[in-house]
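The values are calculated or read from the model by the stated rules, or taken from the named source; none is laboratory data. Remember, predicted model here, so these are calculated numbers, not experimental data. All Cβ positions, even for glycine, are placed from backbone atoms using ideal geometry, and neighbour counts span all protein chains on display. With ligands, DNA and RNA removed, areas are computed over all heavy atoms of the protein, side chains included. Shrake-Rupley method; radii C 1.70, N 1.55, O 1.52, S 1.80 Å.
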Amino acid sequence: MPSLDLSTPSLTIDRRRAEFDDPAVEDRFIHHLLPQRNAQLKGSLLFAAAFYVLFGVTDLATLGDTNVAWFLVGLRVLVAGVALGGHYAITRRPGSVRVSIAAACALLVAALGVFMVVAWFQPEALPWNTMSQALILMAVYVNFPNRFMYSVAIGVGSSVVFGTMLAVQGFLKADDLLTLVLLLILANALGYIAAIRFNLAQRQQYRSAVLERQQADRDPLTGCYNRRVLHKGLLDAELARARRYGTALSVILCDIDHFKRINDTHGHTAGDLILADFAGMLMAMTRETVDRVVRYGGEEFLLVLPETDLAGAHALAERIRLAFACAISRVESGKAVSATASFGIATVPVMHTEPPVSAGKLIDAADAQLYAAKRGGRNAIRGGEVEPRVLRAGS
């Protein structure tokens, strides 16, 4: 199962590039598949190294014991060295996407470049070289994990160079050269189709896993996150981030006032409508990719507000309180129903070097503020700063 962020970025796939539109999603996808791709790439690099060195025998068989033949063998050994160097780099830095892509590109460019030199010195082996070019093209698209567009650039670029080289040599008649060009186009087309299907299928599978996980983390009635995300460490992660970057962190615990009375008077369907409307307001008035809205339980909601001090959290709570108090929901009976809400804020100020606080204690502090707001008459806001050392006590 992929390691997923709790944010909800765009999961749209650009079919031309065979990548996610959102670079952050593409980056998470690549890192998720990196161990598997590196294992395949390392195997392909070793195979390429052995393949190029062994086929040095054909150079000696075709050209004899000549300086040119040994020069070509030396170039083949150089390609093997590039392959082994890429294998070593991936082994040393298995978590680096750049190293993986660089290793694939370096090997393919070196291998195709040397192949052009070999083909230039062996014009009489044209049928074999043409077949070899087609096989190498398939390896470019399928056997060496890489960015799709890089594979296309290397495959098409090498085909253009190969065709141009044969045209310059002048050993082929016009109809034979045309046939060769069509074969190269066919090889690239088949490789393109295979590669784009494979890349799209991988991303579609990943997207399905992301959506499935997001649905598991969402409350079906309100669309907010459920308490599962807290158990997965959402608030702990935000506390650690606040400490790392020396920023404040606030949480707001919200509760719809007299919610049982709404259910008893208008029915549970009306209550569900009020909950959905309130949740929609919370999500609309918070920062989409920064803040988190969690249905904490029943009619209670928890807002997690990174980089927000007490004044900022209080201002947000006041805007929500006023908007909700003025809002009207139309229930099935056609009646207009309104409600109010109370808010409890707990803020951890800029922590700098303070150790991370307890997530549970931070929520408890917000809960205490919420009950203070309810005791004060409801439709109110209470809040305060809580020092890390206070929260750590008894946690």
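If you take the beta carbon distance between E385 and H268 as r and set R0 to 35 Å, what does 1/(1 + (r/R0)^6) give as a FRET efficiency, to the nearest 0.05? Once rounded, the FRET efficiency stands at 0.35. For the chain, adding -39500 (n - 2.57) for each run of n ≥ 4 DSSP H residues and dividing by the number of residues yields -21500 deg cm²/dmol at 222 nm.
Using 0.36 nm per residue and subtracting the Cα-Cα separation, the extra length available between Q204 and R17 on full extension is 65.9 nm. A simple charge model with +1 on the Cβ of Lys and Arg, -1 on the Cβ of Asp and Glu and nothing else charged puts the dipole of the range 1-119 at about 200 debye relative to its Cα centre. Listed by chain and number, the aspartates and glutamates whose C-alpha is less than 17 Å from the C-alpha of K260, apart from same-chain residues fewer than 8 away, are D272, D277, E299, E300. Long hydrophobic helices in the chain, taken as whole DSSP H segments with a C-alpha length of 27 Å or more on their own axis and mean Kyte-Doolittle hydropathy at least 1.6: 97-121.
Per residue, the chain exposes 50 Å² of accessible surface when a 1.4 Å probe is rolled over the protein heavy atoms with every protein chain present.
Shown for the chain: the carbon plus sulfur share of the solvent-accessible area, taken with all protein chains present and a 1.4 angstrom probe, equals 60%.
Toward the positive end of the charge dipole of the chain, with +1 on the Cβ of Lys and Arg and -1 on the Cβ of Asp and Glu, the farthest Cα among Q122, L362, T164 is that of L362. Here the extension length gained between T289 and R228 equals 20.1 nm, from 0.36 nm per residue of separation less the Cα-Cα distance.
Toward the positive end of the charge dipole of the chain, with +1 on the Cβ of Lys and Arg and -1 on the Cβ of Asp and Glu, the farthest Cα among V304, I136, V79 is that of V304.
Computed about the Cα centre, the dipole magnitude for the range 54-199 is approximately 740 debye when only Lys and Arg (+1) and Asp and Glu (-1) carry charge, each at its Cβ. About its Cα centre, the range 276-339 has a charge dipole of approximately 200 debye under the convention of +1 per Lys or Arg Cβ and -1 per Asp or Glu Cβ, with nothing else charged. Positive-end ranking of N226, A194, F278 along the dipole of the range 189-339, with charges on Cβ about the Cα centre, is headed by A194. What the Cβ-Cβ distance of L178 and R213 gives, at R0 = 56 Å and to the nearest 0.05, is a FRET efficiency of 0.60. Full extension of the chain between V53 and R197 gives 48.6 nm of extra length, using 0.36 nm per residue less the Cα-Cα distance. In the set [x] 1.20; [y] 0.93; [z] 1.48, the label that goes with Cα Rg over 2.2 N^0.38 Å computed for this structure is [z].
Ratio of Rg to Rh for the range 7-152: 1.07 [Cα atoms; Kirkwood radius as inverse mean 1/r over pairs].
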